[in-house]
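The values are calculated or read from the model by the stated rules, or taken from the named source; none is laboratory data. Predicted, not measured: the structure shown is a model, and the values here were computed from it. Using ideal geometry, Cβ is built from the backbone for each residue, glycine included, and neighbour counts are taken over all protein chains shown. In case anyone asks, the SASA skips ligands and DNA or RNA and just uses the protein heavy atoms, side chains included. Shrake-Rupley method; radii C 1.70, N 1.55, O 1.52, S 1.80 Å.
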Amino acid sequence: MNGKTTRCGQKAQAPQSPPTSASAFTPDAISVRPRALEVGGEWVASFAVVGYPREVHPGWLQPLLTYPGRVDVSLHIEPIDPVTAANRLKKQLSKLESGRRHTSEKGRLIDPHVEAATEDAYDLSARVARGEGKLYRMGLYLTVHASTEDGLGDEVAAIRALAASLLLDCKPTTYRSLQGWITSLPMGLDLVGMRRTFDTSALSASFPFTSPDLPPPDPTSVGAPSGVLYGFNVGSQGLVHHDRFALDNHNSVILGRSGSGKSYLVKLELLRSLYRGIEIHVIDPEDEYARLAAAVGGTYVHLGAERVRFNPLDLPIYTRPDGRRTAPRDALIRRSLFLHTVISVLLGSELEAAERAALDRAIAATYQRAGITSDPRTWTRPAPLLADLAEVLAGSVEPAGIELAARLHPYVAGAFSGLFSGPTSTRPEGHLVVFSLRDLADEIKPIGTLLNLDAVWRQVSNPAIRKRRLVVVDEAWLLMKEPAGAEFLFRMAKASRKHWAGLTVATQDTADVLGSDLGQAVVANAATQVLLRQASQAIDEITRTFDLSLGERQFLLSADRGQGLLSTGRQRVAFQSIASPVEHELVTSNPAEIAGYAGTAQGTTTSYVELGADDTAIADSLDDGDTSQIELDAA
């Protein structure tokens with residue numbers, strides 16, 4: 001067969017016709033040799049594994065996949081009928097026992113290999129009889145690729161040495177090189193037919209992607225597979241696959257310096273979580289998620305636009321699937337307490353005792369002027385605005401109230417009043433909701449983040465709809481630098497587990513997170529912790545907080561982009577995030593790459609839903625108290 005050439009993928013009757021989709025994957029020529037093939041200018045050689053070690057550990061074929069050259073590993077598995085398996089085992093045991101007795105009668109020494117095979121056969125027969133396992137016929141084939149014939153010889157020698165270190169006996173598919181190559185293709189064809197009988201446990205251990213970094217499946221997961229792929233293990237090249245919903249709480253904190261791949265990893269996890277049917281809400285300070293939201297049909301809320309407004313005085317009212325509306329029994333009290341947090345974040349300082357007292361009385365008076373009292377039947381009436389609250393404060397006889405009204409003037413009638421100048425105008429609903437803060441002034445980005453989180457919490461805490469949700473706060477330092485905002489984020493981190501939700505806090509300014517007790521509490525309430533490349537100025541604080549070893553500390557200082565440590569409390573693993581070309585195009589924030597994508601939309605058209613006065617989107621505040629609901633009737 002030396003020198004024999006087979007021509008494929010050509011049409012004699014129409015040689016000038018463009019290639020079809022099938023011929024696009026067909027090589028121009030295949031040169032068949034006794035032990036090798038030349039396929040379209042590339043040399044390949046195939047091997048069949050005929051000998052295996054007696055005992056193996058899970059993932060023992062992993063070294064074949066981590067080989068630096070190109071090697072195709074093909075497993076062909078065929079189940080054996082239980083009746084046929086029992087008969088074959090019975091015949092095999094008869095042969096082995098007959099051989100042992102013949103050897104004993106002749107006075108010869110017992111062959112240790114035959115003795116071990118007999119014991120294994122007895123054990124396997126017992127497990128098959130009890131239904132603890134089944135038998136399969138498995139064929140393992142390797143195909144080595146090289147650019148030249150001489151290079152193929154070197155690659156073959158290296159692969160055979162690697163296989164020998166795994167106690168694998170590889171035989172070349174001599175005079176069946178074409179069949180060996182086809183057998184290694186993802187076509188499900190075994191043209192070599194050199195198989196070995198395996199039981200269930202041996203077959204599962206031979207799965208090449210088995211890795212200690214793969215956690216056991218979540219027994220409570222129904223339908224979609226649990227967990228998402230983070231990347232591959234830097235040390236072992238195994239896959240790092242993690243399910244945050246299988247841990248004690250579902251929160252995650254991601255810390256990394258600018259340019260370490262923090263937002264890239266967050267968006268990658270977000271996209272892969274959408275495949276599992278998880279509802280996701282994102283606080284986006286730099287408008288990095290607009291292309292992703294457009295690609296997956298998400299909802300994009302552009303704060304800073306002309307018609308986008310949020311009213312912090314809206315009461316927490318939920319709409320049930322049957323159309324009836326309900327609210328917590330303490331809805332008015334909870335909204336009043338939340339307004340204290342809103343005013344503190346707006347003014348950038350904690351309120352003094354006199355200011356809190358004046359504000360509390362003004363809030364009650366503002367709601368009464370709008371016809372909203374402690375009677376739940378009045379809660380469906382249009383809520384007052386921030387300007388109404390400032391007006392009540394200005395008319396107060398208390399100096400603290402007048403001072404608060406003066407400090408609130410820029411937000412109700414001045415340069416920053418656009419976000420609060422009317423009733424809530426957007427309804428953030430959908431499988432992916434992105435709140436963009438880029439066009440907000442820096443002075444009101446903290447309050448914008450707070451109001452968005454409040455609107456998200458209305459969805460998360462809705463008792464009528466229970467589903468898995470993720471809340472992503474990118475660049476959380478914008479909120480953490482305000483004590484009131486940090487406290488709100490901390491309460492959300494503690495309460496999200498009760499509502500089957502997980503909070504993801506990502507920030508590049510680790511000092512604002514770890515420099516306060518509330519920030520450290522947020523980290524402590526995150527069962528999933530991801531550390532990316534760190535700056536030398538922050539590594540000491542990171543080392544103390546996360547109890548890093550000297551090697552882990554050095555790894556975080558020298559890590560490449562996308563590399564980091566994933567810690568789940570029980571174990572810690574170094575990984576490299578990976579993405580497919582389509583995923584990379586959607587999640588990258590590199591301006592040069594974005595500009596180079598042909599046909600990529602440079603902007604996103606934002607649509608808004610105007611709400612009537614009696615159907616205003618309400619933002620809920622956080623409270624660990626009574627969450628019982630009452631039905632509301634229009635007064």
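Using a 1.4 Å probe on the protein heavy atoms, what percent of the accessible area of the chain belongs to carbon and sulfur?
The value for the chain is 52 percent carbon and sulfur by accessible area.
Using the Karplus equation 6.51 cos²θ - 1.76 cosθ + 1.60 (θ = phi - 60°), what ³J(HN,Hα) coupling, rounded to whole Hz, does each residue of segment 136-146 give in order, writing x for Gly and Pro?
For segment 136-146, the Karplus-derived couplings read 9, 10, 10, x, 10, 10, 10, 10, 9, 10, 8 Hz, x marking Gly and Pro.
May I ask for the net charge around Phe435, where only other residues with Cβ less than 14 Å from the Cβ of Phe435 are counted and Lys, Arg are +1 while Asp, Glu are -1?
Summing Lys/Arg as +1 and Asp/Glu as -1 gives -4.
Arg196 to Thr66: FRET efficiency via 1/(1 + (r/R0)^6), r the Cβ-Cβ distance, R0 25 Å, to the nearest 0.05?
Using R0 = 25 Å, I get an efficiency of 0.60.
With the crude spin-label approximation of a point 7 Å out along Cα→Cβ, what separation in nm comes out for Leu189 versus Ala394?
Those two pseudo-labels are separated by 8.4 nm.
If you add up the charges near Glu403, with Lys and Arg at +1 and Asp and Glu at -1, over every other residue whose beta carbon is less than 12 angstrom from its beta carbon, what do you get?
-2
Whole-Hz Karplus ³J(HN,Hα) for segment 46-60, in order, using 6.51 cos²θ - 1.76 cosθ + 1.60 and θ = phi - 60°, x for Gly and Pro?
10, 9, 10, 8, 10, x, 10, x, 6, 10, 9, 10, x, x, 6
Please give the contour-minus-distance gain from Glu541 to Asp120: 0.36 nm per residue of separation, less the Cα-Cα distance, rounded to one decimal in nm.
That works out to 146.0 nm of additional length.
Label points 7 Å out from Cα along the Cβ direction at Ser374 and Arg324: separation in nm?
With each label placed 7 Å out from Cα toward Cβ, I get 2.5 nm.
Kindly provide the helix-only [θ] at 222 nm of the chain, computed as the sum of -39,500 (n - 2.57) over DSSP H runs of four or more divided by all residues, to the nearest 500 deg cm²/dmol?
-11000 deg cm²/dmol
To the nearest 0.05, what FRET efficiency results for Thr103 and Asp150 with a Förster distance of 41 Å applied to their C-beta separation?
0.25
Taking amide hydrogens as modeled 1.01 Å from N in the peptide plane, which residues meet the under 5 Å criterion relative to Ile317, leaving out close sequence neighbours?
So Ile317 has HN proximity to Ile618.
If the limit is 25 Å between Cα atoms, which of Lys267/Lys445; Lys90/Lys134; Lys134/Lys171; Lys95/Lys171; Lys91/Lys134; Lys106/Lys171 go over it?
Working: Lys267/Lys445 21 Å; Lys90/Lys134 15 Å; Lys134/Lys171 27 Å; Lys95/Lys171 27 Å; Lys91/Lys134 17 Å; Lys106/Lys171 35 Å.
Too far apart for the 25 Å limit: Lys134/Lys171; Lys95/Lys171; Lys106/Lys171.
Can you compute the modelled spin-label distance between Asp169 and Phe207, with each label point 7 Å from Cα toward Cβ, in nm?
With each label point 7 Å from Cα toward Cβ, the separation is 2.9 nm.
Mind listing the long-range amide H neighbours of Ile30? Cut-off is under 5 Å, sequence gap 5 or more, other chains count too, H placed in the peptide plane at 1.01 Å from N.
Correct list: Thr6, Cys8.
With a 1.4 Å probe and every protein chain left in place, work out the accessible area per residue of the chain in Å², rounded to a whole number.
Here the residues of the chain average 48 Å² of exposed surface.
Leaving out same-chain residues fewer than 8 places away, which aspartates and glutamates sit with a Cα under 14 Å from that of Lys262?
Straight-line reach from Lys262, under 14 Å: Asp284, Glu286, Glu288, Asp474, Glu475, Asp509, Asp560.
Give a residue-ordered list of calculated ³J(HN,Hα) values for segment 571-584 (Karplus: 6.51 cos²θ - 1.76 cosθ + 1.60, θ = phi - 60°; whole Hz; x for Gly, Pro).
Calculated HN-Hα couplings, in order: 8, 9, 9, 8, 9, 10, 5, 10, 9, 6, x, 5, 4, 4 Hz.
How high is the FRET efficiency from Ala158 to Leu337, r the C-beta distance, R0 60 Å, rounded to 0.05?
0.30
Tell me which lysines have Cα within less than 21 Å of Lys494's Cα, excluding those fewer than 8 residues away on the same chain?
Straight-distance partners of Lys494: Lys467, Lys481.
Once amide H atoms are built 1.01 Å from N in the peptide plane, which residues 5 or more positions from Tyr230, or in another chain, come under 5 Å H to H?
Distant-sequence amide H within range of Tyr230: Val240, His241, His242.
Can you give the accessible area of Ile159 in Å² (nearest 10), computed on protein heavy atoms with a 1.4 Å probe?
Solvent-accessible area, nearest 10 Å²: 0 Å².
Would you tally the net charge around Thr299, using a Cβ to Cβ cut-off of less than 13 Å, leaving Thr299 out, and scoring K and R as +1, D and E as -1?
Summing Lys and Arg as +1 and Asp and Glu as -1 gives -2.
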